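J.: This is the structure, below, for whatever I ask next.
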Ligand SMILES: [Zn+2]
């Protein structure tokens, strides 16, 4: 692996819901902290009612994080950093090309940029921002969950509303909704209609 100090790089951690993306981001950042490299974790500001100050994995690991609405805010507070991590990248409000340009700019400045996010939405369509970053990243890790139906590797996030697949015209991102998500494999995934 390229030493981060010798040049910037982009690492993408992607996968479906419950695949352990945040857990992996936290694991990498803990190593960075042990090495005492100047670093910061950013997390999309999802909700104006409160500020999330942490990223937390389903398994319970937590790290302090700075809430941001756009990649511009990350760029503005990355001057002193060697490593910048962004969790749940798919929640950033910017257009995909803006996210791409922002992450490229960080890496071009010499930063190690670690990004975690969903590669597909609940319709199993690629998230454009993640898709573009994967193309230019030095490292891409796709993580898997276990299909709740059959036990195979799951790559898709099934969104259920009252136990039925969410309709295709529902909003792509729902914050604080009561929808339920399940990790499912290709065969068990029920397409949105
Ligand atoms: Zn399955």
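We did not get these values from a lab; they are worked out from the coordinates using the rules stated. Just so it is clear, the model here is predicted, and its values are computed rather than measured.
J.: So if I average 1/r over every pair of distinct C-alpha atoms in the range 74-160 and take the inverse, what Kirkwood radius in Å does that give?
T.: Kirkwood radius, the range 74-160: 14.2 Å.
J.: Taking every pair of distinct Cα atoms and averaging 1/r, then inverting, what Kirkwood hydrodynamic radius in Å comes out for the chain?
T.: Taking the inverse mean of 1/r over all distinct Cα pairs, the chain comes out at 17.1 Å.
J.: By the gyration tensor of its Cα atoms, with a ≥ b ≥ c the square roots of the eigenvalues, what is the shape of the range 114-181: rounded for a/c under 1.5, prolate for a/b over b/c, or oblate? Don't skip to the answer; put the middle values down first.
T.: Details: a/c = 2.45, a/b = 1.45, b/c = 1.69.
Verdict is oblate for the range 114-181.
J.: Something else now. Which whole-number percent is the relative contact order of the chain (Cα, under 8 Å, 6+ apart)?
T.: 28 percent
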